[in-house]
Amino acid sequence: MLTDINKELRMTSALTFLLRYADTGEEFLNQIVTGDETWIHFDNEETKLQSQQWIHTHSQNKPKKFKGPFSNKKQMATVFWYHHGVLLIDFMEPGTIINAAAYCATLRWLRQLIRNKWKGMPTLGIVLLHYNARLHSAAVTQLLLACFPWEVFDHTPYSPDLVPSDFHLFPALKKWLGGRRFNTNDELQDTVTTWINRQAATFFAECIGKLEHRYDKWLIRHGYYVEK
């Protein structure tokens, strides 16, 4: 449930994005670097589609689906990417405290990777789009980002519908992980990293391209949540 203030902030953010897009077009989209965190489980249940079985219409022996014992063990993955592909994939070691200091360490690493990857592109600035989570909005995080030659695009609270990782990358990853189980940290990390790196550049460009449509729907719907 969004308050009137929430919706007003969302509309202001949408208008800012759309005006910027109208002014510079694809160049603006090409500047966007986005990222977020997600939990990867060691035991992943099959989706309903994956567990479907074909049976004859008149069959009396309909298959039964049983729930097996699933482990709650999981590991947090952080992924940063842009329209051409992945920039950084990082996994939290078990027992690591998930706080702003850890996120700042990831941002420093990301900055170095961008320097190496985008060498020779001096006219193209970085526009960081990340969710307004506590780790991202903490004072220590804001102080660090102020030292970077990046523009941090304002992301309003309660707006996961405008986080590209949340509405595009992670849902596709979780769907693919359905039914898979991992025994070790290395197995989980290698599998997830391989899948993400194998996605074509069009997979990432398509998502960045959806932002203009989603921000436009924010305005049309007067700030209400956007599913698609």
- MRE, 222 nm, helices only [DSSP H, n ≥ 4, -39500 (n - 2.57), over the chain, to nearest 500]: -13500 deg cm²/dmol
- Most exposed first, judged by fewest Cβ atoms within 10 angstrom, HIS222, HIS168 run HIS222, HIS168
- Query: Looking at this model, which pairs from LYS74/LYS174; LYS73/LYS174; LYS7/LYS210; LYS74/LYS228 are more than 18 angstrom apart at the alpha-carbon?
  - Reply: LYS7/LYS210; LYS74/LYS228
- Taking K and R as +1 and D and E as -1, what net charge do the other residues with C-beta under 11 Å from the C-beta of GLN31 add up to? -2
- Item | Mean separation of Cα contacts under 8 Å (6+ apart) over length of the stretch 80-213, as relative contact order % | 35
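Values in this text are rule-based calculations from the coordinates and carry no lab data. Just so it is clear, the model here is predicted, and its values are computed rather than measured. Methodologically, a virtual Cβ is constructed for each residue, glycine included, from the backbone with ideal geometry; neighbour enumeration extends over all protein chains shown.
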